[in-house]
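I have placed the structure first, in the form of structure tokens, so that the comments after it can refer back to it.
The values are calculated or read from the model by the stated rules, or taken from the named source; none is laboratory data. Keep in mind the model is a prediction, meaning the values are calculated, not measured. A quick note on method: Cβ atoms are made from the backbone with ideal geometry, for glycine too, and the neighbour counts reach across all protein chains shown.
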Amino acid sequence: MSDHPIDMSKSIRTYGIVGGLLLVFTVLTVAVNQIHLASIALAITVALIIACMKGSMVAAIFMHLNHEKKWIYGALILTVVFFIVLMLIPNLTVADTIGTVSPYTAAAEHAAQKAEK
Amino acid sequence: MEIPYTVEPRPDSGLANGKLGIWLFLASEVMLFGALFSTYILLRVGAVEWPHGELNVWLGAVNTVILICSSVTMVVAWAKLKMNDFAKGRLYIIVTAVLALVFLVNKYFEYAEHFGKGEGPWHSTFFAIYFTLTGLHGLHIIGGIVVMAYLAGPGAKLWKRNPDQFTNRVEYTGLYWHFVDLVWIFLFPVLYLL
């Protein structure tokens, strides 16, 4: 960010505009919620898309990520990778079958027991 | 002994130490809130049914507007300091802290209403994750207010000795504050609307 007073005045105007846009998106989020979309999946998708747009604006303009040094981008790329892993961890609970009986094994054992009788 | 690289950038990173420090801290914060968002997904996907309309959407929306406004005032405070306007910079820091306090007052009324109806964290899985997420976020708001009060109060003396270092401190506080705003931008739809 340049330190020149005129540049900073321009930046302040940009911050105001972005703040206004964020407020518009907030109203949009509530409005979409009020009209009750056809499915919950659609409602979640729309709400998260708007939230991502708002979050990107905050990060790019207010946090100056639109022009940062590469060390910060490097740290953030690593964070994003680990964040994605973190978000996928709930899937392990679905994939984890330790201590549970597989339906196929159970069916095979049931059939074997039946044949023995 | 003077701490090096508080104002001038390090030759290797091209950054003042504080800037890299606050970004690494924010990276750890992403993982902290990420773990709780991940927990939310796990609980929600595993639930037979998930409650809707338990929270006051309008109060949540008002708090979103308050936090967005506070993010604008915080970044303007930094810009004013960059323009060597200490009085306005300090004023905007105070306005940001006041907005943060208003957010907390709103949250207090919201919490009080739920506790009054017996809807504490023990009431359901939804309220357990709601209080955990918003409680942790609220603690971050309190942390932000403490730092801003310091910068506008006793910490402001630094401006006379080293205005660039003071401006950098305000920038780092701003980065933290925008992150707190960013977390709320996701918390609001996830908890109040969906």
Taking first residues from region B:1-15 that are more than 16 Å from B:Asn168 (Cα to Cα) and second residues anywhere that are surrounded by 14 or more Cβ atoms within 10 Å (Cβ to Cβ) and aliphatic (A, V, I, L, M), the pairs with Cβ under 9 Å that are 6 or more apart or on different chains are B:Ser13/A:Ile72; B:Ser13/B:Leu20
Which numbered condition trips up A:Leu88, out of (1) of a type in the set (A, V, I, L, M); (2) more than 7 Å from chain B (Cβ to nearest Cβ); (3) closer than 18 Å to B:Phe37 by Cβ; (4) surrounded by 12 or more Cβ atoms within 10 Å (Cβ to Cβ)? (4)
Can A:Lys69 be described as facing chain B (nearest Cβ under 7 Å), without any contact (Cβ under 8 Å) to a residue 60 or more places away in the chain, farther than 30 Å from B:Asp12 by Cα and of a type in the set (D, E, K, R)? no
Restricting attention to region A:18-44, the residues that are farther than 25 Å from B:Trp23 by Cα, more than 7 Å from chain B (Cβ to nearest Cβ) and modelled with pLDDT of 90 or more number exactly 7
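Would a scan of region B:95-105 turn up a residue that is of a type in the set (A, V, I, L, M), surrounded by fewer than 19 Cβ atoms within 10 Å (Cβ to Cβ) and over 15 Å from B:Asn63 (Cβ atoms)?
no
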Hey, B:Ala152 hits all of (1) surrounded by fewer than 18 Cβ atoms within 10 Å (Cβ to Cβ); (2) of a type in the set (Gly, Ala, Ser); (3) within 25 Å of A:His64 (Cα to Cα) but one; which does it fall short on? (1)
Look through region B:13-52, keep the residues that are among the β-branched types (Val, Ile, Thr) and in a helix (DSSP H, G or I), and return whichever of them is surrounded by the fewest Cβ atoms within 10 Å (Cβ to Cβ). B:Val45
Looking at A:Ile98, is it among the β-branched types (Val, Ile, Thr) and touching a Phe, Trp or Tyr at 6+ places or on another chain (Cβ under 8 Å)? no
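From B:Leu55, B:Leu91, which residue is more than 9 Å from chain A (Cβ to nearest Cβ), modelled with pLDDT of 95 or more and buried (at least 16 other Cβ atoms within 10 Å of the Cβ)?
Residue meeting the stated conditions: B:Leu91.
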Could you tell me which of the residues B:Leu182, B:Leu158 is in a helix (DSSP H, G or I), free of Cβ contacts under 8 Å to residues at least 12 places away in the same chain and within 22 Å of A:Ile17 (Cβ to Cβ)? B:Leu182
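Could you say whether any residue in region B:32-47 is more than 30 Å from A:Val94 (Cα to Cα) and either more than 9 Å from chain A (Cβ to nearest Cβ) or touching a residue at least 60 places away in the same chain (Cβ under 8 Å) (or both)? First the steps, then the outcome.
Keep residues of region B:32-47 that are more than 30 Å from A:Val94 (Cα to Cα), which gives none.
No, there is no match, as no residue in region B:32-47 is more than 30 Å from A:Val94 (Cα to Cα) and either more than 9 Å from chain A (Cβ to nearest Cβ) or touching a residue at least 60 places away in the same chain (Cβ under 8 Å) (or both).
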May I ask you to list the residues in region B:79-101 that are in contact (Cβ under 8 Å) with a residue 12 or more places away in the chain and under 14 Å from A:Gly19 (Cβ atoms)? B:Tyr92, B:Val95, B:Thr96, B:Leu99
Determine, yes or no, whether B:Tyr130 is away from chain A (no Cβ under 14 Å), closer than 25 Å to A:Met53 by Cα, in contact with a helix residue (DSSP H, G or I) (Cβ under 7 Å, 6 or more places away or on another chain) and surrounded by 16 or more Cβ atoms within 10 Å (Cβ to Cβ). yes
